[in-house]
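> Sharing a structure, written as structure tokens. Questions coming.
The values are calculated or read from the model by the stated rules, or taken from the named source; none is laboratory data. The structure presented is a predicted model; accordingly, all values stated were derived computationally and were not measured. No Cβ is skipped: glycine too gets one built from the backbone with ideal geometry, and neighbour counts run over all protein chains shown. Keep in mind that these areas ignore ligands, DNA and RNA; they rest on the heavy atoms of the full protein, side chains included. Shrake-Rupley method; radii C 1.70, N 1.55, O 1.52, S 1.80 Å.
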Amino acid sequence: MAVILYDKDFADSHTLSSLMNKNHVDLDLVIINNGPKHLESDIDFIKSLGSFVNDIDYKEFVDNRPLSWIYNGLFREYNEYDRYILLDDDSIVSEDYINKCEQYYTDEVDIQLPNIRDRVSGGFYYPKIDKKVQKISDGEIINYQSYVISIGSGLVIYRSLIEKFFELNMELFDTRFALYGVDYSLFHRIESLKKLKVKVTIQVVGTFEHSLSRVGQVDSEWRIIERLYDSVLSVKYYSRNKYVSLVRLLKISCYQLIKFRFSSVSLIVKIFTAGKHPRC
């Protein structure tokens, strides 16, 4: 299990705290501080957390590395594992989530993902199946032909999926994305595998409560720009064809003009030309 912290102390992470509200779970935990500052060791907290897991490893990147680099790096560095559970620092891990992952897992499953419910509104927002949000029953296998999108927190990635990507010399997460769009890039790439007749089995297990940044918040200027990187790069690399790419790019530009964000139009051109997030 990997928990990514950003601008948060150990004890302030809902994810880490929620792990201490249940019985010992048979897993190893790696905590990754992704900046922007060094974290002082909280010996008491880590000692308490350690009684609920097998082992704790700690890594720190105060330079705020792209999430895509961190995730792909986990699969390479910790290559002795058959299962990887990815979590951000603000999710509530339900009491029986880990048990359900094991209960419903079969050899054919490549990736498990939870239903995602916003902690504030109580509404379900993921997974999106063929562009529609659906609350899926535990253990249900999503139709192979369906187009699935979800967020990164709560994803359970199995060695079988990693090997399917590695056999094609592909990484799971697109390293041209840094923050927004990193999780979506995995599902875009799964679609690429499907086009190559590689079957990927996706199973839904459990429900996660999560504070979704898109829900009930006014976006800051920083967040608007970060979302623009995601939108433009997604258009560039994951549109069906050049015509669709052009149309989507024009829509993004028009939206920015309607919002009187004139400087964003030149930024769109810059992002599209560069082809990657500036931190990548």
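> Test of understanding: in a Gaussian network model of the chain with alpha carbons linked when under 10 Å, which of 163, 191, 221 would top the mean-square fluctuation ranking?
221
> Given an 8 Å cut-off on Cα distances and at least 6 residues of separation, report the relative contact order of region 141-188 as a percent.
With pairs under 8 Å counted, the relative contact order is 44 percent.
> Kirkwood hydrodynamic radius, region 1-135, all distinct C-alpha pairs: what's the number in Å?
Result for region 1-135 stands at 16.3 Å.
> Using Cα springs under 10 Å in a Gaussian network model of the chain, which residue among 51, 185, 263 shows the largest mean-square fluctuation?
Among 51, 185, 263, the largest GNM mean-square fluctuation belongs to 263.
> In what order, largest first, do 110, 26, 55, 138 sit by accessible area if the probe radius is 1.4 Å?
26, 55, 138, 110
> If you take the square roots of the eigenvalues of the alpha-carbon gyration tensor of region 154-202 and sort them as a ≥ b ≥ c, do you get rounded (a/c under 1.5), prolate (a/b over b/c) or oblate?
Taking the square roots of the gyration eigenvalues as a ≥ b ≥ c, region 154-202 is prolate.
> For the chain, what does the helix formula give at 222 nm: sum of -39500 (n - 2.57) over DSSP H segments with n ≥ 4, over the residue count, nearest 500 deg cm²/dmol?
It lands at -11500 deg cm²/dmol.
> A further question on this structure: With an 8 Å cut-off on Cα pairs and a minimum separation of 6 or more residues, tell me the relative contact order of region 1-149 in percent.
Relative contact order here is 23 percent.
> Given the chain, what percent of its DSSP beta bridges are antiparallel, to the nearest 5?
Numbers: 16 of 36 bridges.
Antiparallel bridges make up about 45 percent of those DSSP assigns within the chain.
> Leaving out ligands, DNA and RNA, what percent of the accessible area of region 1-155 is carbon and sulfur, probe 1.4 Å?
Percent of accessible area from carbon and sulfur atoms in region 1-155: 46.
> Would you kindly state how much longer the chain becomes between residue 81 and residue 131 on full extension, computed as 0.36 nm times their sequence separation minus their alpha carbon distance, in nm to one decimal?
Between residue 81 and residue 131, full extension yields 14.8 nm more.
> Something else now. Here is the link list: 132/251; 59/135; 37/132. Which ones come out longer than 28 Å on Cα distance?
Working: 132/251 21 Å; 59/135 35 Å; 37/132 39 Å.
Pairs exceeding 28 Å: 59/135; 37/132.
> If amide H atoms are built 1.01 Å from N in the plane of the peptide, which residues on other chains or at least 5 residues away come under 5 Å of the amide H of residue 147?
Placed amide hydrogens put 130 under 5 Å from residue 147.
> I would also like to ask the following. Which label marks the calculated value of percent of Cα pairs over 22 Å apart, given the options (i) 52; (ii) 64; (iii) 60?
Checking each listed value against the structure points to (iii).
> Running a GNM on the chain with Cα contacts under 10 Å, which residue among 262, 124, 208 ends up with the highest mean-square fluctuation?
262
> What are the ³J(HN,Hα) couplings of region 103-120, residue after residue, when phi is run through the Karplus curve with 6.51, -1.76, 1.60 and θ = phi - 60°? Round to Hz, x for glycine and proline.
4, 9, 5, 10, 4, 7, 6, 9, 8, 10, 9, x, 5, 10, 10, 5, 5, 8
> Of the heavy-atom accessible surface of region 222-280 (probe 1.4 angstrom), what whole percent is carbon and sulfur?
On the way: 2420 of 3740 Å².
Answer for region 222-280: carbon and sulfur cover 65 percent of the accessible area.
> Hey, what's the chain come to in accessible area per residue, 1.4 Å probe, Å²?
Solvent-accessible surface per residue comes out at 51 Å².
> Expected output is a single nm value to one decimal: the length gained when fully extending between residue 227 and residue 251, i.e. 0.36 nm times separation in residues minus the C-alpha distance. What is it?
7.2 nm
> Using Cα pairs under 8 angstrom and six or more residues apart, how large is the relative contact order of region 94-215, in percent?
Relative contact order for region 94-215 comes out at 41 percent.
> Within 10 Å of each candidate Cβ there may be at most 12 other Cβ atoms; applying that plus a DSSP loop requirement, which trypsin sites (Lys or Arg not before Pro) in region 223-268 survive?
Within region 223-268, the qualifying trypsin sites (Lys or Arg not before Pro) (loop, at most 12 other Cβ atoms within 10 Å) are 240, 259.
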